[in-house]
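Have a look at the structure below, then the notes.
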Amino acid sequence: MQETSADVSSRRTFAIISHPDAGKTTLTEKLLYYGGAIQMAGTVKGRKSKLHATSDWMAMEQERGISVTSSVMQFPYRGCLLNLLDTPGHGDFSEDTYRTLTAVDSALMVIDAAKGVEQRTVQLMDVCRMRSTPITTFINKLDREGRDPVELLDEIESVLKIRCAPVTWPLGMGKSFRGVYHLEHDRVRLFADGEVIEGLDNPRLDQLFPYEVEHWREQIELVREASESFDHQQYLDGELTPVYFGSAINDFGIRELLDDFTDHAPGPLSRDAGRRVAAEESTFSGFVFKIQANMDPQHRDRIAFMRVCSGRFEPGMKLHQVRTGKDVKVPRATTFLASDRSHADTALPGDIIGIHNHGTIIIGDTFTEGEKLHFKGIPDFAPELFRRVVLRDPMRMKALQKGLQQLCEEGATQLFRPLIGSEWIVGAVGALQFDVAAYRLRNEYGVECSFEPVQVFTARWVECDDAKMLERFKSRNESALAYDGTDALAYLAPTRANLDITQERWPDVTFHATRDR
Ligand code: G4P
């Protein structure tokens with residue numbers, strides 16, 4: 001069956017970005033609920049309780065109450081098919097988050113009304129800005145005393161450098177939170193019972209809130225005069241964000257958000273792969289942005305998460321892995337419905353499919369029907385923390401190497417094999433990643449190991465156009481050089497001063513802090 005472009009354009013592939021505790025998990029659950037993906041009304045379950053948010057799936061996440069892995073949830077809503085890519089909220093997992101943001105077409109930003117713009121949100125917005133990702137903003141927890149909404153918008157504009165167009169506006173806050181007003185629809189929804197009142201000048205409002213309504217009318221008039229109105233093109237260009245107010249835990253203000261989001265958010269966008277690849281193209285292409293081993297302990301499988309960029313995927317299809325030049329038959333793939341993994345029938349651009357593999361696929365791999373494309377912009381970041389791996393039982397060396405290699409291919413940690421010596425070094429962006437690695441090595445590979453301090457300050461990938469010069473550099477700096485998991489050469493600087501001096505001494509060698517896969 002030939003797919004119509006309408007089926008493709010109905011996809012909305014997005015991520016929720018926020019600082020931990022702003023309400024991402026709560027909002028995710030509500031969105032899934034609206035999409036009919038989970039049968040769970042009412043309030044989100046506590047971190048300490050047995051029932052966890054659908055997006056948390058590893059035992060460790062449950063133990064620690066943090067979201068470690070990214071998961072993918074697909075659900076229908078009003079004629080659209082939404083692909084929500086969950087990102088870990090904890091700062092230590094930022095690389096995973098950054099890469100996930102390369103696979104989306106837009107993002108929802110959640111901000112805590114009392115806390116305003118927080119550090120992690122700033123970092124995530126930086127990543128979104130690199131690709132001009134369209135952002136929709138939800139200001140959460142209006143049921144609590146928070147900051148003045150005008151002040152919050154000012155802060156978003158000045159700190160996140162994106163212009164704000166309020167689409168809904170809160171009527172009161174905290175104990176006196178009465179509802180939200182939709183500036184475009186001229187409609188009030190009441191917090192207490194969900195009643196909808198058409199028109200801000202509706203006498204029903206005077207009747208219900210005789211002491212407050214005049215103040216709201218004045219305030220909204222000011223807001224209309226002083227703030228930007230929503231402009232679809234500027235939103236798509238990532239220059240302007242529509243802003244909604246509400247309370248995720250009370251399921252309030254979310255329908256307005258979701259309705260507009262499905263109307264405005266872009267369908268699958270074209271992408272740079274050496275040439276621009278449009279979603280409407282008929283031949284298949286996609287790239288891998290994440291690898292996850294053993295999501296289901298029963299199956300001990302490894303899954304490569306691939307974003308479909310063009311064409312369509314059908315089970316049994318033969319795909320060309322551009323990096324290796326090999327054709328791979330993919331008998332089955334996995335799509336991600338909210339609560340369980342099920343076999344994909346057909347996946348279209350914007351969809352994420354999971355491909356089972358035995359370590360042959362790495363992050364950044366492009367798959368096509370034969371064309372030599374390479375999707376760009378999936379970064380590797382230089383780790384900031386380094387530990388040497390110490391194995392408790394020397395007999396388990398093989399298992400350790402296999403485990404480490406696989407964990408590092410997933411991309412959360414990076415493996416370095418020094419040119420001299422047999423000790424392996426693991427690098428990470430955050431300390432928690434070492435705990436996760438040790439935990440998983442124990443549980444999934446049966447290896448007890450510890451991560452001990454090592455004198456490495458940072459890593460830089462080195463490159464030099466002059467092969468002779470590179471050889472000279474290698475022989476003079478052997479003790480500080482290592483190969484990473486993809487056999488790329490990296491300089492492990494013991495101190496910042498050493499890095500500075502080495503860079504000065506070798507002006508023709510380039511030292512990269514990030515590496516585009
Ligand atoms: P995160 O994924 O961004 O980290 O945030 P999460 O949804 O886990 O929410 C963080 C805390 O904020 C949770 O409380 C949650 O119940 C609360 N919360 C979310 N939305 C709202 C809201 O609209 N209003 C209010 N007042 N609180 C909200 P917690 O006590 O940390 O956890 P829990 O034990 O309730 O799960």
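The values are calculated or read from the model by the stated rules, or taken from the named source; none is laboratory data. For clarity, every value in this text was computed on a predicted model and none was experimentally measured. Neighbour counts are summed over all protein chains in view; Cβ atoms, including those assigned to glycine, are modelled from backbone coordinates with ideal geometry. Keep in mind that these areas ignore ligands, DNA and RNA; they rest on the heavy atoms of the full protein, side chains included. Shrake-Rupley method; radii C 1.70, N 1.55, O 1.52, S 1.80 Å.
The length gained by stretching the chain between ARG163 and ARG275 to full extension, at 0.36 nm per residue less their Cα-Cα distance, is 37.2 nm. Close amide H pairs (under 5 Å, H built 1.01 Å from N) link ASP105 with THR13, PHE14, residues at least 5 positions away or on another chain.
Computed from backbone phi with θ = phi - 60° and the Karplus coefficients 6.51, -1.76 and 1.60, the 3J(HN,Hα) list for region 308-319 is 7, 9, 8, x, 9, 9, 10, x, x, 5, 9, 10 Hz; x is used for glycine and proline. Converting phi to 3J(HN,Hα) with the Karplus coefficients 6.51, -1.76 and 1.60 and the offset θ = phi - 60°, region 211-228 yields 8, 10, 4, 5, 4, 4, 4, 5, 4, 5, 4, 4, 4, 4, 6, 8, 9, 6 Hz in sequence order, with x at every glycine or proline.
Phi angles of region 276-290 translate, via the Karplus equation with coefficients 6.51, -1.76, 1.60 and θ = phi - 60°, into HN-Hα couplings of 6, 9, 8, 4, 7, 4, 7, 8, 6, 8, x, 9, 8, 10, 7 Hz per residue; Gly and Pro are given as x.
Dipole of region 382-516, Cα-centred, from +1 at each Lys and Arg C-beta and -1 at each Asp and Glu C-beta, to the nearest 20 debye? Spell out each step's value before the answer.
On the way: 17 positive and 20 negative charges, 86 e Å.
Result for region 382-516 is approximately 420 debye, rounded to the nearest 20.
Using C-alpha pairs under 8 Å with a sequence gap of at least 6, the mean separation divided by the residue count of region 382-516 gives a relative contact order of 30 percent. In the structure shown, the pairs LYS141/LYS376; LYS290/LYS398; LYS290/LYS326; LYS115/LYS161; LYS30/LYS290 are assessed against 28 Å; a Cα-Cα span above that value is assigned to LYS141/LYS376.
Using the heavy atoms of the protein chains and a 1.4 angstrom probe, tell me the accessible area per residue for the chain in square angstrom. Provide the component values of the computation, followed by the final result.
Details: 22340 Å² over 517 residues.
So the chain comes to 43 Å² accessible per residue, rounded to a whole number.
Note on the chain: with neighbouring protein chains present and a 1.4 Å probe, carbon and sulfur make up 49 percent of its accessible heavy-atom surface. Per-residue ellipticity at 222 nm, computed for the chain from helices alone with -39500 (n - 2.57) per DSSP H run of at least four residues, works out to -8000 deg cm²/dmol. Considering only beta bridges that DSSP places wholly inside the chain, some 75 percent are antiparallel. Only Cα sites of the chain enter the Debye sum here, all with the same form factor; the resulting log10 I(q)/I(0) across q = 0.09 1/Å is -0.69, listed in q order. Remark on THR458: its backbone amide H falls under 5 Å from those of ALA493, a criterion applied only to residues 5 or more positions apart or on other chains, H modelled at 1.01 Å from N. Between ALA513 and LEU419, the modelled label-to-label distance comes to 2.5 nm, taking each label 7 Å out from Cα in the direction of the beta carbon.
At 0.36 nm per residue, and after removing the present C-alpha to C-alpha distance, how many nm does the segment from GLU369 to GLU198 gain when stretched out fully? Walk me through the numbers on the way to the answer.
On the way: separation 171, 0.36 × 171 = 61.56 nm, distance 5.32 nm.
Gain on extension, GLU369 to GLU198, equals 56.2 nm.
Please report Rg over Rh for region 324-472, where both radii come from the alpha carbon positions and Rh follows the Kirkwood definition. Walk me through the numbers on the way to the answer.
Numbers: Rg = 18.6 Å, Rh = 18.3 Å.
Here Rg/Rh amounts to 1.02.
Near PHE191, once Lys and Arg are set to +1 and Asp and Glu to -1 for all other residues with Cβ below 12 Å from its Cβ, the sum equals -1.
Quick check: with the 1.4 Å probe, what order do TYR483, TYR439 take by accessible area, largest first? Before the final figure, lay out the partial values.
On the way: TYR483 70, TYR439 45 Å².
In descending accessible area the options line up as TYR483, TYR439.
Quick one: length gained pulling GLN207 to GLN123 fully straight, 0.36 nm per residue minus the C-alpha distance? Value of the extension gain: 25.7 nm.
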